[in-house]
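Notes to accompany the following structure.
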């Protein structure tokens, strides 16, 4: 079964303007993209004249693209809501007036120990994070600590939430996805570790937003975006110019040159149509399918069987649905990441 195609809606775009980076992290999905860079002309041709809701700049460390500031200015001048995911190096390097053009910023941090963080990322990551946090606070720019949730750091969740509370920011978590073509598989959470991590998040923090379909379905959280936004209302652009439904989707069959007039060639391409597949098992056996849609489509794709339900689904695996109490943060926040990929955003208590 496939989800309905989405036409005419404002599209969220994730752009990796470069695959280059100043660090060498073992969990990096974008290592094969190093050496590739998009130009201002590439980005302008992609977005101009189209209904773009928001843009997040991620993948590599975008400040290493010589056109990056010009790209930011071009997008900002068109009234597009912008965010940046960075290891901190680019945030420090950007001029204050440029950083203020972002709606919100994500600063990558996996461990709350300088040696662990620096050793893991093979560089001066700890200082980058500290200086970029202080800069965002000084400028009054909304920011989040962004964490890849892995089997080596998921027990750090309570401390990461405490850190977010201390710094007056959010904690955003992407569940690590094994990307075989990038040579990264060993950090994936087991079924038990995944649900233990989710339990830690909800017992030590308050939910700002959740677009992880399997979590929304199992914990009865009204989704911001039903099922997964990937392939429906968002696109990703690799530094190679390839267009994919999710950043972890290493290959696509559409190039930015195909999207000069419209985003529709992307949404009608095979990779995007595949991203809208709902496993038949789910449609026949689960009353939560309209919320979940089979779970995170990239996890299913990267597992080698996109037609199988999410690896973390209790119903499919005949497990008891975890009894986790959901506490929501008061009010709401306008964060770019809230509705364009599978992610969880919390505030510390």
* For the pair residue 162 and residue 328, what calculated FRET efficiency results from E = 1/(1 + (r/R0)^6), where r is the Cβ-Cβ distance and R0 = 25 Å, to the nearest 0.05? -> 0.85
* Asked: When the chain is treated as a GNM, springs tying every alpha-carbon pair under 10 Å, which of 333, 318, 155 comes out with the largest mean-square fluctuation?
  -> 318
* Percent breakdown of C-alpha pair distances by 10 Å bin, ordered from the shortest bin, for region 191-347 -> 11, 38, 33, 16, 2
* Structure fact -> The relative contact order of the chain, taking Cα pairs under 8 Å that sit 6 or more residues apart, comes to a percentage of 22 percent
* Chain lengthening between residue 318 and residue 281 when straightened (0.36 nm per residue, less Cα-Cα) -> 12.0 nm
* **Rounded to 5, the percent of DSSP beta bridges in the chain classed as antiparallel** => 35 percent
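Could you calculate the contour length gain from residue 186 to residue 77, that is, 0.36 nm times the residue separation minus the distance between their Cα atoms, to one decimal place in nm?
Working: separation 109, 0.36 × 109 = 39.24 nm, distance 4.21 nm.
So the chain would gain 35.0 nm between residue 186 and residue 77.
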* Theoretical gain in end-to-end length, residue 193 to residue 51 [0.36 nm per residue, Cα-Cα removed] -> 47.2 nm
* Helix-only [θ]222 nm of the chain, DSSP H runs n ≥ 4, -39500 (n - 2.57) each, per residue, nearest 500 -> -8000 deg cm²/dmol
* To do: Please build a GNM for the chain, connecting alpha carbons under 10 Å apart, and tell me which residue among 238, 27, 328 fluctuates the most.
  => 328
* Counting only DSSP beta bridges with both residues in region 134-288, tell me the antiparallel percent, nearest 5. => 40 percent
* Asked: What ranking do 160, 219 get, fewest neighbouring Cβ atoms within 10 angstrom at the top?
  -> 219, 160
* Structure fact -> Which of 94, 201, 171 fluctuates most in a GNM of the chain (C-alpha springs under 10 Å)? That residue is 94
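Rule-based calculations on the coordinates, nothing more; no lab input. Model, not experiment: these values are computed from the prediction. Heads up, the Cβs are rebuilt from the backbone with ideal geometry, glycines too, and the neighbour counts pull from every protein chain shown.
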